[in-house]
Amino acid sequence: MATVSGRLDRKITVQRSTAGVDSFNAEILTWADFITVSAQRVDLADKERFGAAFEESKAAQVGSYAISRFRVRSSILTRTITARDRLTHEGATWNIMAVPSETLEGRKRFLWITAARDTD
C-alpha cells in the first residue's frame, strides 16, 4: 500500500491578497503566490445551483461547482492558511472554504484544505 507521502502527486499554489485602492478610492485586491506545495486531491462533490439571473425577468441561471479536499504536509506556512486565501491547481482558481484541519495520520503531519471552484 502506498504511503500518504506517495499520494501527494499534485502541485497547488496558495495565494494571498493584499488590499489597495485605485484612483477612485475603490478597494482593489491583488493576489500574489504565497507557497507552492505537493498535495493529494480528493474530489467531494460536483453540484449545480440555480438562481435568478435578472430579478425583473426571473430568468433562471444555472451554475456548477466542484468541491475538493487537498491534503498537504503540515508546516509553519501551511498552518497559516485561512479562508481569506485561495489556491490554484491545474489552471483553475479554488476558493478555500475552511481553515485547514488535521488529518487522522497524526498530529501536525498533514492538513486538509477544503476548496471549491466554478466549473462553468
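The values are calculated or read from the model by the stated rules, or taken from the named source; none is laboratory data. These numbers come from a predicted model, not from an experiment. So basically every Cβ, Gly included, is an ideal-geometry build from the backbone, and we count neighbours across all protein chains shown.
Look through segment 68-116, keep the residues that are outside any loop (DSSP other than H, G, I, E, B) and more than 18 Å from Leu44 (Cβ to Cβ), and return whichever of them is modelled with the highest pLDDT. If you could, list the steps in order and put the result at the bottom.
Taking segment 68-116 as the starting set, the residues that turn out to be outside any loop (DSSP other than H, G, I, E, B) are 68-73, 78-80, 86-89, 92-96, 101-102, 110-116.
Filter once more, keeping what is more than 18 Å from Leu44 (Cβ to Cβ): 73, 78-80, 88.
On the way: Arg73: 93, Thr78: 94, Arg79: 92, Thr80: 94, Thr88: 97.
Restricting to residues being outside any loop (DSSP other than H, G, I, E, B) and more than 18 Å from Leu44 (Cβ to Cβ), the top hit is Thr88.
Output yes when any residue across segment 35-51 is exposed (fewer than 10 other Cβ atoms within 10 Å of the Cβ), within 21 Å of Thr80 (Cβ to Cβ) and either in contact with a helix residue (DSSP H, G or I) (Cβ under 9 Å, 6 or more places away or on another chain) or at pLDDT below 95 (or both), and no when none is. No, that holds for no residue. Given the condition over 22 Å from Leu29 (Cα atoms) and surrounded by 19 or more Cβ atoms within 10 Å (Cβ to Cβ), answer yes or no: does some residue in segment 75-97 qualify? Checked against the condition, which is being over 22 Å from Leu29 (Cα atoms) and surrounded by 19 or more Cβ atoms within 10 Å (Cβ to Cβ), segment 75-97 yields no hits at all.
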